[in-house]
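What follows draws every value from the coordinates through simple rules; no lab data is involved. These figures come from a predicted structure and were not determined experimentally. Ideal geometry is used to build each Cβ from the backbone, glycine not excepted, and the neighbour counts take in all protein chains shown.
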Amino acid sequence: MNRKGDLVFWEISDFKTTKEKLESLGFGDFVPRNDHRATMIKALKTVTRGNEKLYRKFNDRSDSVHFGIFAENVSGDSLSIDRELIFKLDKITGAPGLLLSPGQDYAQISNTTLWKGIVTAYNAEMGSIDAGQFRSVVLRAVKKCYGIAMRRGGGIYFIDKRFDETRTKLQQLFDAFPTNTKIHSVPIYDDKGTEEAIEHAVNEDILSDIESLIEDINTKFNEGNITLRILEGRKNEAQEILNKAKVHESNLRKSVNKIKTRINNVTKALLAVTSKVEANTFDPADFYKELEKS
């Protein structure tokens, strides 16, 4: 019986590694970029021992983000969570800086065990990869070989046998961290039940990608945040979705023409509104109007 590919799923517990380690295993292209905000959140998880009630992110802008740190105070039978300090993180340089309330003394606050602990943990986290980022690396690798989520929300993915080399590399990646990770790979074969299940999953997966792309573009148009750079990025995303449809053409069977037509219509609509964005004459409704014309 012909093997179509494999269903893969994995287990990842809390652990840390480094960018250099993942690069040595051949996954450098999938490692998250240097994100100062993500680094600080990892540091705050360490400082608060994973208690997410004790830190808050706010004023998250393109160049900076603010954090509030809290303490649990017990008085008799009551428990209160009180703010201890606020600081601002520069997303460009990565530099954290205290924000003081009237009457607070900078020298005193900056010398506290809490602030020193945050700075120390932040510096220690630079270059580290935690379990959440490791999952991101794995998902990026699965998406690169056009893996298909077998259920909404992911968890189990179908990888076509044409990408056995990538699946083998994923196995080697997980084997490098045997204490904290494990990947399962179950071969599936070409029978009626398998064909129907995969056709449904591929159809749902690709349609979900298309609708998410449309929704994202429409939101940015309505918010007035659309730029030529964003449009180019969305065109590339549309092309990737079309590539996925082509890879899984045999699995889509009767649905393939509907899927290709839908994504081609999105691409045409993007091309049609690009000139309007260049001339700054677009209307938020233009994208949907062009989509309906296609």
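What you get for the range 193-293, charging only the Cβ of Lys and Arg (+1) and of Asp and Glu (-1), is a dipole of about 420 debye around the Cα centre.
Between the listed residues 157, 183, 173, the Cα displaced farthest toward the positive end of the dipole of the range 76-187, a dipole computed from Cβ unit charges relative to the Cα centre, is found at 157. Rounding to the nearest 10 and keeping the result within 0 to 90°, find how far the Cα-based axis of helix 228-247 lies from the longest principal axis of the chain. In the chain, helix 228-247 runs at an angle near 50 degrees to the longest axis. Amide H to amide H distances under 5 Å link residue 85 with 69, where only residues 5 or more positions off or on other chains count and H is placed in the peptide plane.
Computed 3J(HN,Hα) for the range 113-130, one whole-Hz value per residue from the Karplus formula 6.51 cos²θ - 1.76 cosθ + 1.60 where θ = phi - 60°, is 4, 4, 5, 4, x, 5, 5, 5, 5, 4, 5, 5, 7, 4, x, 8, 10, 9, glycine and proline marked x.
For the chain, what does the helix formula give at 222 nm: sum of -39500 (n - 2.57) over DSSP H segments with n ≥ 4, over the residue count, nearest 500 deg cm²/dmol? -16000 deg cm²/dmol, from helical runs alone.
When the range 36-126 is described by a simple charge dipole with +1 on each Lys and Arg Cβ and -1 on each Asp and Glu Cβ, the residue from 104, 36, 121 located farthest towards its positive end is 36. Between residue 207 and residue 84, the C-beta separation translates, for a Förster distance of 41 Å, into a calculated FRET efficiency of about 0.30.
If R0 is 35 Å, the Cβ-Cβ spacing of residue 131 and residue 200 corresponds to a FRET efficiency of close to 0.70. Residues considered: 104, 171, 239. Largest GNM mean-square fluctuation over the chain, using C-alpha springs under 10 Å, is found at 104.
Mind putting a number on the dipole of the range 124-247 about its Cα centre? Charges go on the C-beta only, +1 for Lys and Arg and -1 for Asp and Glu, and I need it in Debye to the nearest 20. Around 320 debye, computed over the range 124-247. A simple rule links phi to the HN-Hα coupling: the Karplus curve 6.51 cos²θ - 1.76 cosθ + 1.60 with θ = phi - 60°, which for the range 179-191 gives 6, 10, 9, 7, 10, 10, 10, 10, x, 10, 10, 7, 10 Hz, with x for Gly and Pro. Around the amide H of residue 4, modelled in the peptide plane, lie the amide H atoms of 188, 189, 190, all under 5 Å away and 5 or more residues distant in sequence or on another chain. Of all segments of the chain bounded by trypsin sites (Lys or Arg not before Pro) found in a DSSP loop with no more than 10 other C-beta atoms within 10 Å, the longest spans 153-294. The rule of thumb for compact globular proteins, 2.2 N^0.38 Å, goes into the C-alpha radius of gyration of the range 1-156 1.33 times. Label positions at residue 11 and residue 164, each projected 7 Å from the Cα along the C-beta direction, are separated by 2.7 nm.
Karplus-derived 3J(HN,Hα) values for the range 7-17, using 6.51 cos²θ - 1.76 cosθ + 1.60 with θ = phi - 60°, are 8, 10, 8, 8, 10, 9, 9, 5, 6, 9, 9 Hz; glycine and proline are entered as x. Between amide H atoms placed 1.01 Å from N, distances below 5 Å from residue 15 occur with 131, all of them 5 or more places distant or on a separate chain.
Extension gain, residue 283 to residue 93, is 64.8 nm, computed as 0.36 nm per intervening residue step minus the present C-alpha separation. Cross-link pairs exceeding 18 Å between alpha carbons, from the set 169/235; 143/246; 161/244; 260/293; 258/293; 19/143: 169/235; 19/143. In the distance distribution for the range 36-126, Cα-Cα pairs more than 23 Å apart total 22 percent.
Taking the Cα centre of the chain as origin and charging only Cβ (+1 Lys, Arg; -1 Asp, Glu), how large is the dipole, in debye to the nearest 20?
So the magnitude is around 460 debye.
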